[in-house]
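Visitor: Okay, handing you the structure first.
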Amino acid sequence: MSSSDLAATARSLVAPGKGILAADESTGTMTKRLDGIGVASSEATRRAYRGMLFETPGMEQHISGVILYDETIRQQADDGRAFPDLLASRGVLPGIKVDSGAKALAGHPGETVTEGLDGLRERLAEYRGLGARFAKWRAVIAIGPGLPSPACLETNAHALARYAALCQEAGLVPIVEPEVLMDGAHDLDRCETVTTETLGLQFEALRAQGVQLEGMLLKPNMVISGTQAPTRAGVAEVAAATLRCFRRVVPAAVPGIVFLSGGQSDLEATEHLDAMNRMGPHPWQLSFSYGRALQAPALAAWAGKAENRETAQRIFAHRAACNGAARDGRWTRSMEQMG
Ligand code: 13P
């Protein structure tokens, strides 16, 4: 794939009114989510849940791409079509999570390095053959006393940059996700400092590895107060701090920034995205790649029962529509009422 094809794919993932559904929970995480609604996790229940989401009528109006997990990219819808084919037939680009998880970073208690580089070239070729057009790798950065360490930031930035270079070689658009966690009592300023440092080092590493910025997407956290902070910054403050941080460290050549929701409520994630887009224009498209903030209410409504399938799909389509509007800075509170 040429570099202009990669750039075109990256741009189509952040097309107006659209963003990405992250449905790439590992089996462990998906099991936790299903436990939460009283459903036993099995290959069959995970397939039934994902199939419900992917067959949602009208989803393609607001969802440009779906990030799949290794198990999911090999599963089929009820009509026998492979999930990537089903998505592609509706104009939704299939993506794939390719890291193998965050593992304890030696010598650095409380910190992790995301692994998965060994054999990655071969796995990317296989995923491309299964229909993937883009990929995701998530690094996790914790804020705490003395954290993050330079070693954690540098190691993760390096791994993400090597992953991104391999993706582009394989014809896949890399989503580069260095997530600074919301966990902790830190304030907005501390999150801004750590996010700025994290992203600054990330773009240095991407440059060092020769990654073409036009053919990638950045998936960052928003600059936000820690979940246990005594007072939490409001929507306008979060939006302003996040944009200030990005203007300092995210090159304009990057076509899009697709946020993770990271534990924000559905409504917070939508409001923050809308507020930032209303403060535009920006050099990059600002969109979403939400997991929990897109799925949580639909998952609860589905509850593992076939008779709830259509209700859950309507709820998912509604969240996608609200975020599609926020992605253009035209969400209103009245849109939250489902018709
Ligand atoms: P959340 O939106 O639930 O944070 O998930 C997005 C994601 O893909 C994290 O890697």
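Visitor: Which of Ile63, Ile175, Ile143 ends up with the largest GNM mean-square fluctuation for the chain, with Cα atoms connected below 10 Å?
Guide: Ile143
Visitor: Enumerate the calculated ³J(HN,Hα) couplings along the stretch 242-258 in order (Karplus 6.51 cos²θ - 1.76 cosθ + 1.60, θ = phi - 60°), each rounded to whole Hz, writing x wherever the residue is Gly or Pro.
Guide: Calculated HN-Hα couplings, in order: 5, 5, 4, 4, 5, 4, 6, 10, 9, x, 5, 5, 6, x, x, 10, 10 Hz.
Visitor: I'd like the carbon and sulfur percentage of the solvent accessible area for the stretch 1-94, probe radius 1.4 Å, heavy atoms only, ligands and nucleic acids excluded. Present the calculation step by step, with values, prior to reporting the outcome.
Guide: On the way: 1770 of 3580 Å².
It is 50 percent, rounded to a whole number.
Visitor: Let me check against my output: what whole-number percent is the relative contact order of the chain, with C-alpha pairs under 8 Å and at least 6 apart? If you can, show how the numbers build up before the last one.
Guide: On the way: 675 pairs, mean separation 64.9, N = 339.
It rounds to 19 percent for the chain.
Visitor: If you average the sequence gap of Cα pairs under 8 Å that are 6 or more apart and divide by the length of the stretch 1-65, what percent do you get for the contact order? Present the calculation step by step, with values, prior to reporting the outcome.
Guide: Details: 31 pairs, mean separation 33.2, N = 65.
Reported relative contact order: 51 percent.
Visitor: Ignoring ligands, DNA and RNA, what accessible area per residue does the stretch 183-316 give at 1.4 Å, in Å²? Working shown, then result.
Guide: Values: 5190 Å² over 134 residues.
Per residue, the stretch 183-316 has an accessible area of 39 Å².
Visitor: Considering the chain as a Gaussian network with a 10 Å cut-off on Cα pairs, which listed residue, Pro145, Pro297, Pro283, attains the greatest mean-square fluctuation?
Guide: Most flexible of the set in this elastic network: Pro145.
Visitor: Given a 1.4 Å probe and every protein chain left where it sits, what share in percent of the accessible area of the stretch 265-322 is carbon and sulfur?
Guide: Values: 1150 of 2220 Å².
C and S fraction of accessible area: 52 percent.
Visitor: Please work out the average accessible area per residue across the stretch 1-160, using the 1.4 Å probe convention, and give it in Å². Don't skip to the end; give the middle numbers.
Guide: On the way: 6400 Å² over 160 residues.
It amounts to 40 Å² per residue over the stretch 1-160.
Visitor: Rank Ala300, Ala104, Ala132 by mean-square fluctuation in a GNM of the chain with C-alpha springs under 10 angstrom and give only the top-ranked residue.
Guide: Largest GNM mean-square fluctuation: Ala104.
Visitor: Another question about this same structure. Of all beta bridges DSSP finds with both residues in the chain, what is the antiparallel percent, to the nearest 5?
Guide: Values: 5 of 34 bridges.
Of the beta bridges lying entirely in the chain, close to 15 percent run antiparallel.
Visitor: Once you keep just the Cα pairs under 8 angstrom separated by 6 or more residues, what percentage relative contact order results for the stretch 172-300?
Guide: 28 percent
Visitor: Which value, in Å² and to the nearest 10, is the accessible area of Val180 when all protein chains are kept and the probe is 1.4 Å?
Guide: 10 Å²
Visitor: Only bridges whose two residues both fall in the stretch 89-218 count here: according to DSSP, what percent of them are antiparallel, nearest 5? Please report the intermediate quantities before stating the final value.
Guide: Working: 4 of 17 bridges.
Here the share of antiparallel DSSP bridges comes out near 25 percent.
Visitor: Continuing with this model, one more query. Lys136: which aspartates and glutamates have alpha carbons under 14 Å from its alpha carbon, excluding same-chain residues fewer than 8 sequence positions away?
Guide: Asp24, Glu25, Asp70, Asp99, Glu115, Glu177, Glu179
The values are calculated or read from the model by the stated rules, or taken from the named source; none is laboratory data. Given the structure is predicted, the values throughout are model-derived calculations rather than measurements. Side chains included, ligands, DNA and RNA excluded: accessible areas come from the protein's heavy atoms. Shrake-Rupley method; radii C 1.70, N 1.55, O 1.52, S 1.80 Å.
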